[in-house]
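J.: Sharing a structure, written as C-alpha coordinates. Questions coming.
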Amino acid sequence: MDSSLDFDRDHLWHPYAPMATTAPTLLVRSARGTRLTLDDGREPLDAMSSWWAAIHGYRHPRLDEALHRQADIMSHVMFGGLTHEPAIELGRRLIELTPIGLDKVFFADSGSVSVEVAIKMALQYQRGRGNPGRTKLLTIGGGYHGDTFGAMSVCDPVGGMHSMFAGALARQVFLPRPPAGFDADISAWMDESNRVLAACSEDDIAAIIVEPILQGAGGMHVYPPGVLRWLRELADRNGWLLILDEIATGFARTGEMFAADHAGVSPDIMCVGKALTGGYLTLAAVLCTAEVAEGIDASESGVLMHGPTFMANPLACAVAAANLDVLTSTDWRANVARLHTGLSFGLAPAHELENVTEVRTIGAVGVVALDRSVDVSRVAAIALDHGVWVRPFRNLIYTMPPYICSDEEISTITGALVAAAAGAAT
Ligand SMILES: *Cc1c(COP(=O)(O)O)cnc(C)c1O
(Lines give C-alpha, C1' and ligand atoms only; values in the text may rest on other atoms or scores of the structure.)
Protein backbone atom coordinates (compact mmCIF):
# COMPACT_ATOMS: atom_id res chain seq x y z
CA MET A 1 0.00 0.00 0.00
CA ASP A 2 1.25 3.46 -0.96
CA SER A 3 1.45 5.52 2.24
CA SER A 4 1.33 9.33 2.16
CA LEU A 5 5.05 9.51 2.76
CA ASP A 6 5.79 7.06 -0.05
CA PHE A 7 3.74 9.19 -2.44
CA ASP A 8 5.52 12.33 -1.26
CA ARG A 9 8.92 10.72 -1.77
CA ASP A 10 8.07 9.48 -5.25
CA HIS A 11 6.24 12.52 -6.63
CA LEU A 12 6.75 15.80 -4.77
CA TRP A 13 9.74 18.08 -5.05
CA HIS A 14 11.01 19.66 -1.84
CA PRO A 15 13.23 22.78 -1.69
CA TYR A 16 16.81 22.18 -2.79
CA ALA A 17 16.36 18.42 -2.76
CA PRO A 18 16.88 15.70 -5.34
CA MET A 19 13.74 13.97 -6.64
CA ALA A 20 15.26 10.62 -5.75
CA THR A 21 15.76 11.59 -2.14
CA THR A 22 16.77 9.24 0.62
CA ALA A 23 16.55 11.83 3.38
CA PRO A 24 13.61 11.35 5.75
CA THR A 25 10.73 13.85 5.43
CA LEU A 26 8.45 14.40 8.41
CA LEU A 27 4.69 14.50 8.06
CA VAL A 28 3.17 17.47 9.94
CA ARG A 29 -0.43 16.93 11.04
CA SER A 30 -1.05 20.38 12.49
CA ALA A 31 0.67 23.29 14.22
CA ARG A 32 -0.29 25.53 17.11
CA GLY A 33 1.62 28.25 18.95
CA THR A 34 5.32 27.43 18.87
CA ARG A 35 4.86 23.72 18.12
CA LEU A 36 4.39 21.40 15.18
CA THR A 37 2.44 18.17 15.68
CA LEU A 38 4.04 15.33 13.76
CA ASP A 39 2.34 12.20 12.47
CA ASP A 40 3.95 10.09 15.17
CA GLY A 41 2.61 12.35 17.92
CA ARG A 42 5.83 14.23 18.69
CA GLU A 43 5.43 18.00 19.14
CA PRO A 44 8.73 19.77 18.46
CA LEU A 45 9.24 23.51 18.96
CA ASP A 46 9.67 25.19 15.56
CA ALA A 47 13.03 26.94 15.96
CA MET A 48 12.84 28.08 12.30
CA SER A 49 9.47 29.91 12.43
CA SER A 50 8.85 28.18 9.07
CA TRP A 51 11.82 30.03 7.55
CA TRP A 52 11.49 33.42 9.28
CA ALA A 53 7.75 33.68 8.64
CA ALA A 54 5.62 32.49 11.60
CA ILE A 55 6.70 35.26 13.97
CA HIS A 56 3.64 35.00 16.24
CA GLY A 57 3.46 31.21 16.04
CA TYR A 58 0.80 29.04 14.43
CA ARG A 59 -2.97 29.50 14.64
CA HIS A 60 -2.77 32.91 16.27
CA PRO A 61 -6.39 33.76 17.17
CA ARG A 62 -6.26 37.26 15.63
CA LEU A 63 -4.66 36.06 12.41
CA ASP A 64 -7.04 33.10 12.11
CA GLU A 65 -9.94 35.47 12.63
CA ALA A 66 -8.72 37.96 10.00
CA LEU A 67 -8.38 35.15 7.46
CA HIS A 68 -11.80 33.63 8.19
CA ARG A 69 -13.49 37.01 8.07
CA GLN A 70 -11.91 37.92 4.75
CA ALA A 71 -12.83 34.51 3.26
CA ASP A 72 -16.46 35.29 4.07
CA ILE A 73 -16.18 38.62 2.23
CA MET A 74 -14.04 37.88 -0.85
CA SER A 75 -11.00 35.63 -1.26
CA HIS A 76 -9.67 37.24 -4.40
CA VAL A 77 -10.36 39.78 -7.07
CA MET A 78 -8.04 41.01 -9.81
CA PHE A 79 -6.08 44.18 -8.96
CA GLY A 80 -6.12 45.61 -12.49
CA GLY A 81 -8.57 48.49 -12.39
CA LEU A 82 -10.02 47.27 -9.07
CA THR A 83 -8.96 47.76 -5.48
CA HIS A 84 -10.10 46.67 -2.01
CA GLU A 85 -9.87 47.53 1.68
CA PRO A 86 -7.35 44.81 2.68
CA ALA A 87 -4.78 46.17 0.20
CA ILE A 88 -5.45 49.76 1.27
CA GLU A 89 -5.20 48.91 4.97
CA LEU A 90 -1.97 46.97 4.49
CA GLY A 91 -0.48 49.72 2.33
CA ARG A 92 -1.19 52.29 5.05
CA ARG A 93 0.50 50.18 7.70
CA LEU A 94 3.58 49.45 5.58
CA ILE A 95 4.15 53.11 4.75
CA GLU A 96 3.86 54.04 8.40
CA LEU A 97 6.22 51.31 9.60
CA THR A 98 8.99 51.49 6.97
CA PRO A 99 11.84 54.04 6.82
CA ILE A 100 10.96 57.59 5.83
CA GLY A 101 10.26 58.39 2.19
CA LEU A 102 9.03 54.94 1.16
CA ASP A 103 5.43 55.68 0.31
CA LYS A 104 4.60 53.86 -2.94
CA VAL A 105 3.73 50.18 -2.54
CA PHE A 106 3.76 47.28 -5.03
CA PHE A 107 2.34 43.95 -3.80
CA ALA A 108 4.09 40.85 -5.19
CA ASP A 109 3.46 37.17 -4.61
CA SER A 110 6.79 36.11 -3.13
CA GLY A 111 10.13 37.44 -2.00
CA SER A 112 11.93 36.46 -5.20
CA VAL A 113 9.29 38.15 -7.35
CA SER A 114 9.55 41.30 -5.22
CA VAL A 115 13.30 41.37 -5.96
CA GLU A 116 12.56 41.10 -9.68
CA VAL A 117 10.13 44.01 -9.35
CA ALA A 118 12.70 46.07 -7.43
CA ILE A 119 15.27 45.46 -10.18
CA LYS A 120 12.76 46.47 -12.87
CA MET A 121 11.93 49.60 -10.91
CA ALA A 122 15.60 50.58 -10.79
CA LEU A 123 16.16 49.93 -14.51
CA GLN A 124 12.99 51.73 -15.58
CA TYR A 125 13.80 54.64 -13.26
CA GLN A 126 17.20 55.05 -14.92
CA ARG A 127 15.58 54.98 -18.37
CA GLY A 128 13.07 57.59 -17.26
CA ARG A 129 15.94 59.78 -16.09
CA GLY A 130 17.68 59.49 -19.45
CA ASN A 131 20.21 56.78 -18.51
CA PRO A 132 19.16 53.68 -20.50
CA GLY A 133 22.73 52.32 -20.34
CA ARG A 134 22.47 51.89 -16.59
CA THR A 135 21.39 48.24 -16.41
CA LYS A 136 23.82 46.59 -14.00
CA LEU A 137 23.46 46.04 -10.29
CA LEU A 138 26.16 46.47 -7.68
CA THR A 139 26.11 44.19 -4.65
CA ILE A 140 28.32 42.61 -1.99
CA GLY A 141 29.55 39.02 -1.85
CA GLY A 142 27.72 36.48 0.29
CA GLY A 143 24.20 37.68 -0.46
CA TYR A 144 20.99 35.78 -1.12
CA HIS A 145 18.06 37.44 -2.89
CA GLY A 146 15.92 34.56 -4.14
CA ASP A 147 15.70 31.88 -6.78
CA THR A 148 14.40 33.66 -9.91
CA PHE A 149 16.88 34.77 -12.59
CA GLY A 150 17.30 38.43 -11.70
CA ALA A 151 17.55 37.57 -8.02
CA MET A 152 20.03 34.73 -8.68
CA SER A 153 22.31 37.14 -10.57
CA VAL A 154 22.92 39.10 -7.34
CA CYS A 155 23.31 36.06 -5.06
CA ASP A 156 26.84 35.19 -3.97
CA PRO A 157 28.75 34.28 -7.16
CA VAL A 158 30.58 31.40 -5.47
CA GLY A 159 28.11 29.99 -2.95
CA GLY A 160 25.08 30.85 -5.11
CA MET A 161 23.94 29.41 -8.42
CA HIS A 162 26.24 31.24 -10.86
CA SER A 163 28.21 28.19 -11.96
CA MET A 164 25.04 26.11 -12.48
CA PHE A 165 23.48 28.78 -14.69
CA ALA A 166 26.65 30.30 -16.14
CA GLY A 167 25.85 32.17 -19.34
CA ALA A 168 22.17 32.60 -18.49
CA LEU A 169 22.59 35.08 -15.64
CA ALA A 170 23.03 38.83 -15.99
CA ARG A 171 26.56 39.89 -15.09
CA GLN A 172 26.61 42.16 -12.06
CA VAL A 173 29.32 43.98 -10.10
CA PHE A 174 30.40 42.45 -6.78
CA LEU A 175 32.15 44.22 -3.92
CA PRO A 176 33.81 41.99 -1.32
CA ARG A 177 31.71 40.64 1.52
CA PRO A 178 31.92 43.12 4.44
CA PRO A 179 33.79 41.98 7.56
CA ALA A 180 31.94 39.85 10.12
CA GLY A 181 30.51 41.43 13.25
CA PHE A 182 28.30 44.39 14.05
CA ASP A 183 31.27 46.36 15.43
CA ALA A 184 33.92 45.31 12.90
CA ASP A 185 36.33 47.86 11.37
CA ILE A 186 35.36 48.51 7.75
CA SER A 187 38.32 50.58 6.55
CA ALA A 188 40.08 47.68 4.77
CA TRP A 189 36.77 46.65 3.20
CA MET A 190 36.21 50.22 1.94
CA ASP A 191 39.70 50.28 0.39
CA GLU A 192 39.11 46.98 -1.40
CA SER A 193 35.68 48.13 -2.55
CA ASN A 194 37.15 51.35 -3.95
CA ARG A 195 39.61 49.27 -5.97
CA VAL A 196 36.74 47.26 -7.48
CA LEU A 197 34.80 50.47 -8.19
CA ALA A 198 37.78 52.12 -9.87
CA ALA A 199 37.64 49.40 -12.53
CA CYS A 200 34.00 49.95 -13.49
CA SER A 201 31.99 52.77 -15.01
CA GLU A 202 29.28 54.51 -13.02
CA ASP A 203 27.30 54.83 -16.25
CA ASP A 204 26.68 51.05 -16.34
CA ILE A 205 25.15 50.76 -12.88
CA ALA A 206 21.49 51.35 -12.04
CA ALA A 207 21.36 50.44 -8.36
CA ILE A 208 23.01 48.85 -5.36
CA ILE A 209 21.16 45.91 -3.83
CA VAL A 210 22.03 44.31 -0.45
CA GLU A 211 20.50 42.58 2.54
CA PRO A 212 21.06 45.10 5.36
CA ILE A 213 23.15 44.06 8.43
CA LEU A 214 22.33 40.34 8.29
CA GLN A 215 22.84 38.21 5.19
CA GLY A 216 20.53 35.23 5.62
CA ALA A 217 20.61 32.19 3.34
CA GLY A 218 24.02 33.30 2.00
CA GLY A 219 25.60 32.43 5.34
CA MET A 220 23.90 34.09 8.34
CA HIS A 221 26.58 36.79 8.23
CA VAL A 222 26.30 39.94 10.39
CA TYR A 223 28.13 43.08 9.17
CA PRO A 224 28.48 46.64 10.51
CA PRO A 225 25.91 49.41 9.92
CA GLY A 226 28.72 51.67 8.64
CA VAL A 227 28.68 49.62 5.43
CA LEU A 228 25.10 50.67 4.72
CA ARG A 229 25.87 54.35 5.33
CA TRP A 230 28.85 54.09 3.00
CA LEU A 231 26.73 52.41 0.31
CA ARG A 232 24.03 55.08 0.72
CA GLU A 233 26.60 57.83 0.06
CA LEU A 234 28.10 55.89 -2.83
CA ALA A 235 24.67 55.57 -4.44
CA ASP A 236 23.88 59.27 -3.96
CA ARG A 237 27.24 60.38 -5.37
CA ASN A 238 26.77 58.34 -8.56
CA GLY A 239 23.06 58.69 -9.23
CA TRP A 240 22.42 55.04 -8.35
CA LEU A 241 19.46 53.81 -6.35
CA LEU A 242 19.82 51.87 -3.09
CA ILE A 243 17.65 48.74 -2.86
CA LEU A 244 17.46 47.06 0.55
CA ASP A 245 16.23 43.47 0.67
CA GLU A 246 14.55 43.22 4.10
CA ILE A 247 12.71 40.00 3.23
CA ALA A 248 14.43 38.06 6.03
CA THR A 249 15.41 40.91 8.35
CA GLY A 250 12.18 42.93 8.33
CA PHE A 251 9.59 43.14 11.09
CA ALA A 252 11.86 43.28 14.14
CA ARG A 253 13.91 40.12 13.58
CA THR A 254 17.27 41.88 14.12
CA GLY A 255 16.08 43.99 17.06
CA GLU A 256 15.00 47.04 15.04
CA MET A 257 11.75 47.09 13.03
CA PHE A 258 13.93 47.00 9.90
CA ALA A 259 17.64 46.20 9.81
CA ALA A 260 18.20 49.50 7.94
CA ASP A 261 17.16 51.26 11.16
CA HIS A 262 20.43 50.08 12.81
CA ALA A 263 22.21 52.39 10.36
CA GLY A 264 19.61 55.14 10.15
CA VAL A 265 19.56 54.64 6.40
CA SER A 266 16.52 55.03 4.15
CA PRO A 267 16.69 53.14 0.86
CA ASP A 268 15.08 54.24 -2.41
CA ILE A 269 13.48 50.81 -2.81
CA MET A 270 12.81 48.17 -0.17
CA CYS A 271 11.56 44.57 -0.38
CA VAL A 272 9.66 42.87 2.45
CA GLY A 273 8.21 39.36 2.55
CA LYS A 274 8.61 36.24 4.70
CA ALA A 275 7.15 37.46 8.06
CA LEU A 276 4.75 39.88 6.33
CA THR A 277 1.73 37.56 6.71
CA GLY A 278 2.96 35.97 9.94
CA GLY A 279 3.58 32.78 7.98
CA TYR A 280 0.00 32.36 6.74
CA LEU A 281 0.20 33.03 2.99
CA THR A 282 2.76 34.00 0.41
CA LEU A 283 2.98 37.76 -0.02
CA ALA A 284 5.73 40.34 -0.47
CA ALA A 285 5.83 44.06 -1.07
CA VAL A 286 8.18 46.49 -2.77
CA LEU A 287 8.16 50.03 -1.44
CA CYS A 288 9.75 52.95 -3.24
CA THR A 289 10.03 56.73 -2.98
CA ALA A 290 7.96 59.25 -4.94
CA GLU A 291 11.15 60.17 -6.84
CA VAL A 292 11.58 56.58 -8.04
CA ALA A 293 7.91 56.35 -9.03
CA GLU A 294 8.17 59.59 -11.01
CA GLY A 295 11.23 58.29 -12.84
CA ILE A 296 9.41 55.08 -13.77
CA ASP A 297 6.39 57.01 -15.01
CA ALA A 298 8.76 59.10 -17.15
CA SER A 299 10.22 56.00 -18.85
CA GLU A 300 9.02 55.36 -22.40
CA SER A 301 6.39 52.78 -21.37
CA GLY A 302 4.98 55.21 -18.82
CA VAL A 303 4.06 52.32 -16.51
CA LEU A 304 5.85 49.88 -14.24
CA MET A 305 6.08 46.72 -16.37
CA HIS A 306 4.83 44.19 -13.86
CA GLY A 307 1.43 42.84 -12.75
CA PRO A 308 0.97 39.39 -11.23
CA THR A 309 -2.38 37.57 -11.56
CA PHE A 310 -2.76 37.31 -7.79
CA MET A 311 -1.42 40.80 -7.05
CA ALA A 312 -2.56 42.08 -3.61
CA ASN A 313 -4.58 38.93 -2.86
CA PRO A 314 -7.18 40.04 -0.29
CA LEU A 315 -6.77 37.01 2.01
CA ALA A 316 -3.02 37.58 2.18
CA CYS A 317 -3.39 41.35 2.66
CA ALA A 318 -6.01 40.93 5.41
CA VAL A 319 -3.91 38.49 7.38
CA ALA A 320 -0.79 40.65 6.85
CA ALA A 321 -2.55 43.74 8.21
CA ALA A 322 -3.66 41.75 11.29
CA ASN A 323 -0.12 40.41 11.65
CA LEU A 324 1.37 43.93 11.69
CA ASP A 325 -1.29 45.03 14.20
CA VAL A 326 -0.33 42.18 16.53
CA LEU A 327 3.36 43.08 16.15
CA THR A 328 2.96 46.80 16.78
CA SER A 329 0.52 46.31 19.69
CA THR A 330 3.25 44.49 21.64
CA ASP A 331 6.51 45.90 23.03
CA TRP A 332 8.37 44.14 20.22
CA ARG A 333 11.68 45.85 21.00
CA ALA A 334 11.76 44.64 24.60
CA ASN A 335 10.52 41.22 23.52
CA VAL A 336 13.20 40.73 20.87
CA ALA A 337 15.80 41.94 23.41
CA ARG A 338 14.49 39.26 25.81
CA LEU A 339 14.85 36.59 23.11
CA HIS A 340 18.34 37.87 22.31
CA THR A 341 19.42 37.53 25.93
CA GLY A 342 18.06 33.98 26.06
CA LEU A 343 19.75 32.99 22.81
CA SER A 344 23.14 34.49 23.78
CA PHE A 345 23.05 32.87 27.20
CA GLY A 346 21.83 29.51 25.98
CA LEU A 347 24.24 29.23 23.05
CA ALA A 348 27.32 30.30 25.06
CA PRO A 349 28.27 26.68 25.95
CA ALA A 350 28.73 26.01 22.22
CA HIS A 351 31.90 28.17 22.36
CA GLU A 352 33.50 25.31 24.32
CA LEU A 353 32.96 22.74 21.57
CA GLU A 354 36.03 21.93 19.50
CA ASN A 355 34.16 21.79 16.20
CA VAL A 356 32.46 25.19 16.72
CA THR A 357 34.23 28.10 15.02
CA GLU A 358 31.83 30.88 15.98
CA VAL A 359 28.59 31.61 17.82
CA ARG A 360 26.73 34.71 16.64
CA THR A 361 23.50 36.32 17.73
CA ILE A 362 21.62 39.39 16.58
CA GLY A 363 18.10 40.22 17.67
CA ALA A 364 16.04 37.02 17.71
CA VAL A 365 18.58 35.09 15.62
CA GLY A 366 21.13 32.61 16.96
CA VAL A 367 23.79 30.88 14.86
CA VAL A 368 26.34 28.18 15.65
CA ALA A 369 29.00 27.90 12.94
CA LEU A 370 30.91 24.62 12.72
CA ASP A 371 34.30 23.86 11.18
CA ARG A 372 32.71 21.78 8.37
CA SER A 373 29.43 21.13 6.57
CA VAL A 374 26.92 19.21 8.64
CA ASP A 375 24.92 16.11 7.81
CA VAL A 376 21.53 17.86 7.76
CA SER A 377 19.37 14.80 8.54
CA ARG A 378 21.60 13.69 11.37
CA VAL A 379 21.80 17.11 13.02
CA ALA A 380 18.04 17.63 12.63
CA ALA A 381 17.41 14.21 14.22
CA ILE A 382 19.54 15.09 17.26
CA ALA A 383 17.67 18.37 17.72
CA LEU A 384 14.37 16.54 17.32
CA ASP A 385 15.37 14.15 20.12
CA HIS A 386 15.69 17.31 22.21
CA GLY A 387 12.21 18.44 21.17
CA VAL A 388 13.22 21.02 18.54
CA TRP A 389 12.83 21.36 14.76
CA VAL A 390 15.85 22.88 12.98
CA ARG A 391 17.01 22.81 9.37
CA PRO A 392 20.76 23.52 9.17
CA PHE A 393 22.58 24.39 5.95
CA ARG A 394 26.24 24.16 5.02
CA ASN A 395 28.16 24.46 8.33
CA LEU A 396 25.45 26.45 10.12
CA ILE A 397 23.01 25.33 12.80
CA TYR A 398 20.77 28.29 13.52
CA THR A 399 17.45 29.47 14.92
CA MET A 400 15.07 32.36 14.40
CA PRO A 401 12.33 31.35 16.86
CA PRO A 402 8.77 32.67 16.96
CA TYR A 403 8.58 35.88 19.02
CA ILE A 404 6.04 34.23 21.34
CA CYS A 405 8.60 31.73 22.69
CA SER A 406 8.85 31.71 26.49
CA ASP A 407 12.26 31.92 28.17
CA GLU A 408 11.95 28.21 28.90
CA GLU A 409 11.26 27.41 25.25
CA ILE A 410 14.30 29.45 24.18
CA SER A 411 16.37 27.47 26.65
CA THR A 412 15.03 24.21 25.14
CA ILE A 413 15.93 25.48 21.64
CA THR A 414 19.46 26.57 22.56
CA GLY A 415 20.02 23.31 24.47
CA ALA A 416 19.00 21.38 21.35
CA LEU A 417 21.31 23.48 19.13
CA VAL A 418 24.28 22.92 21.41
CA ALA A 419 23.55 19.18 21.57
CA ALA A 420 23.19 19.05 17.79
CA ALA A 421 26.49 20.92 17.34
CA ALA A 422 28.22 18.51 19.74
CA GLY A 423 26.65 15.51 18.00
CA ALA A 424 27.61 16.78 14.54
CA ALA A 425 31.28 16.08 15.25
CA THR A 426 31.04 12.40 16.11
C1 LIG B 1 13.86 34.20 1.35
C2 LIG B 1 14.50 35.38 0.77
C3 LIG B 1 14.19 35.80 -0.55
C4 LIG B 1 13.25 35.04 -1.45
O5 LIG B 1 11.95 35.00 -0.96
P6 LIG B 1 10.94 33.85 -1.48
O7 LIG B 1 9.64 34.21 -0.85
O8 LIG B 1 11.50 32.55 -0.98
O9 LIG B 1 10.92 33.92 -2.97
C10 LIG B 1 14.81 36.95 -1.02
N11 LIG B 1 15.68 37.65 -0.25
C12 LIG B 1 15.98 37.29 1.01
C13 LIG B 1 16.91 38.13 1.82
C14 LIG B 1 15.41 36.13 1.56
O15 LIG B 1 15.75 35.76 2.80
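J.: Quick one: putting +1 on the C-beta of Lys and Arg, -1 on the C-beta of Asp and Glu, what dipole do you get for the chain around its Cα centre, in Debye to the nearest 20? Before the final figure, lay out the partial values.
T.: Details: 31 positive and 49 negative charges, 50 e Å.
Magnitude of the dipole: close to 240 debye.
J.: Which percent of Cα pairs goes in each bin when the distances of region 104-166 are cut into 10 angstrom slices starting at zero?
T.: 22, 45, 30, 4
J.: Please list the non-local residues whose amide H lies under 5 Å from the amide H of MET311, H modeled 1.01 Å from N, same-chain partners needing a gap of 5 or more.
T.: Amide H neighbours of MET311, under 5 Å, 5+ apart: PHE79.
J.: Region 337-407: percent of C-alpha pairs farther apart than 21 Å?
T.: Of the Cα pairs, 21 percent sit more than 21 Å apart.
J.: Still on this structure, please answer the following. Read phi for every residue in region 345-356 and hand back ³J(HN,Hα) as whole Hz from Karplus 6.51 cos²θ - 1.76 cosθ + 1.60, θ = phi - 60°, with x for Gly and Pro.
T.: 5, x, 8, 3, x, 5, 4, 6, 6, 5, 8, 9
J.: Could you work out the relative contact order of region 79-192, using alpha carbon pairs under 8 angstrom and six or more residues apart, expressed as a whole percent?
T.: About 18 percent, as a whole number.
J.: How about region 332-378: which trypsin sites (Lys or Arg not before Pro) there lie in a loop by DSSP and see at most 11 other Cβ atoms within 10 Å?
T.: Answer by residue number: ARG372.
J.: Of the residues PRO24, PRO15, PRO99, which exhibits the maximal mean-square fluctuation in a Gaussian network model of the chain defined by a 10 Å Cα contact cut-off?
T.: Residue with maximal mean-square fluctuation among PRO24, PRO15, PRO99: PRO15.
J.: Label points 7 Å out from Cα along the Cβ direction at ALA184 and GLU85: separation in nm?
T.: Using points 7 Å along Cα→Cβ, the separation is 4.9 nm.
J.: Using θ = phi - 60° and the Karplus curve 6.51 cos²θ - 1.76 cosθ + 1.60, what whole-Hz ³J(HN,Hα) does each residue of region 417-422 get, with Gly and Pro shown as x?
T.: Values per residue, Gly and Pro as x: 5, 5, 4, 5, 5, 5 Hz.
J.: May I ask for the distance between the Cα centers of region 22-74 and region 335-387, given as a whole number of Å?
T.: 23 Å
J.: Which whole number in µm²/s is D for region 182-243 by Stokes-Einstein, with the Kirkwood Rh taken over Cα pairs at 10 °C and 1.306 mPa s?
T.: Here the translational diffusion coefficient equals 126 µm²/s.
J.: Normalised radius of gyration for the chain, please: alpha carbon Rg relative to 2.2 N^0.38 Å, two decimal places.
T.: The chain yields a ratio of 0.98.
J.: Same structure, new question: Give me the 1.4 Å probe accessible area per residue for the chain, excluding ligands and nucleic acids, in Å².
T.: Numbers: 18480 Å² over 426 residues.
About 43 Å² of surface per residue is accessible.
J.: Oh, and also: Can you send over the carbon and sulfur percentage of the accessible area for the chain, probe radius 1.4 Å, protein chains only?
T.: 55 percent
J.: Still on this structure: I'd like the FRET efficiency for GLU358 and ASP407, computed as 1/(1 + (r/R0)^6) with the beta carbon distance as r and R0 of 35 Å, rounded to 0.05.
T.: The pair GLU358/ASP407 has a calculated efficiency of 0.90.
J.: So what does log10 I(q)/I(0) come out to for region 283-372 at q = 0.19, 0.23 Å⁻¹, using the Debye formula with one equal point on every Cα and no solvent?
T.: Debye curve over Cα of region 283-372, log10 I(q)/I(0) at q = 0.19, 0.23 Å⁻¹: -0.93, -1.09.
J.: Can you give me the solvent accessible area of SER299 with a 1.4 Å probe, rounded to the nearest 10 Å²?
T.: 10 Å²
J.: Could you check what % of the DSSP bridge pairs in the chain are antiparallel, to the nearest 5? It would help to have the intermediate numbers written out before the result.
T.: Details: 28 of 43 bridges.
Counting DSSP beta bridges with both partners in the chain, the antiparallel share is about 65 percent.
J.: Moving on. Please build a GNM for the chain, connecting alpha carbons under 10 Å apart, and tell me which residue among GLY133, GLY141, GLY342 fluctuates the most.
T.: It is GLY133.
J.: Let me cross-check PHE107: its accessible surface, 1.4 Å probe, with only protein heavy atoms counted, in Å² to the nearest 10?
T.: Counting only protein heavy atoms, PHE107 exposes about 10 Å² to solvent.
J.: In nanometres, what is the gap between the two model label sites at ASP72 and THR37, each 7 Å from Cα along Cα-to-Cβ?
T.: 2.4 nm
J.: Next up: Which lysines does LYS120 reach when only Cα atoms under 17 Å apart count, and residues fewer than 8 places away in its own chain are ignored?
T.: Within the straight-line cut-off, LYS120 pairs with LYS104, LYS136.
J.: Compute the separation of the alpha-carbon centres of region 209-242 and region 271-322 and state it in Å as a whole number.
T.: Answer, in whole Å: 22.
J.: Above 21 Å lies some portion of the pair distances; for region 3-95, what is it as a whole percent of all C-alpha pairs?
T.: The share of Cα pairs beyond 21 Å in region 3-95 comes to 57 percent.
J.: Can you give the accessible area of TRP240, probe radius 1.4 Å, in Å² rounded to 10?
T.: 10 Å²
J.: Can you give me the relative contact order of the chain as a percent, contacts being Cα pairs under 8 Å and 6 or more apart?
T.: Once divided by the residue count of the chain, the mean separation gives 21 percent.
J.: Keeping all protein chains in place and using 1.4 angstrom, which order do HIS351, HIS262 fall into by accessible surface area, from largest down?
T.: Largest accessible area first, the list is HIS351, HIS262.
J.: Between LEU315, LEU26, LEU396, find the one with the highest GNM mean-square fluctuation for the chain; connect C-alpha pairs within less than 10 Å.
T.: LEU26
J.: For region 217-231, what does the Karplus curve 6.51 cos²θ - 1.76 cosθ + 1.60, with θ = phi - 60°, yield as ³J(HN,Hα) per residue in whole Hz, taken in order and with x for Gly and Pro?
T.: For region 217-231, the Karplus curve yields 5, x, x, 6, 9, 9, 10, x, x, x, 4, 5, 5, 5, 5 Hz.
J.: Please tell me the relative contact order of region 183-290 in percent, rounded to the nearest whole number, where contacts are Cα pairs under 8 Å and at least six residues apart.
T.: It comes to 22 percent, rounded to a whole number.
J.: Towards the positive end of the charge dipole of the chain, with charges on Cβ (+1 Lys, Arg; -1 Asp, Glu), say which of ILE247, SER406, THR361 has the farthest Cα.
T.: Working it through, the farthest residue towards the positive pole turns out to be ILE247.
J.: So for CYS155, CYS200, what's the accessible-area order with a 1.4 Å probe, most first?
T.: On the way: CYS155 0, CYS200 45 Å².
If we order CYS155, CYS200 from most to least accessible, we get CYS200, CYS155.
The values are calculated or read from the model by the stated rules, or taken from the named source; none is laboratory data. Keep in mind that what you see is a predicted model, and the values were worked out from it rather than measured. Note: ideal-geometry Cβ built from the backbone for every residue, glycine included; neighbour counts use all protein chains shown. Calculation scope for accessible area: heavy atoms of the full protein, side chains included, ligands and nucleic acids excluded. Shrake-Rupley method; radii C 1.70, N 1.55, O 1.52, S 1.80 Å.
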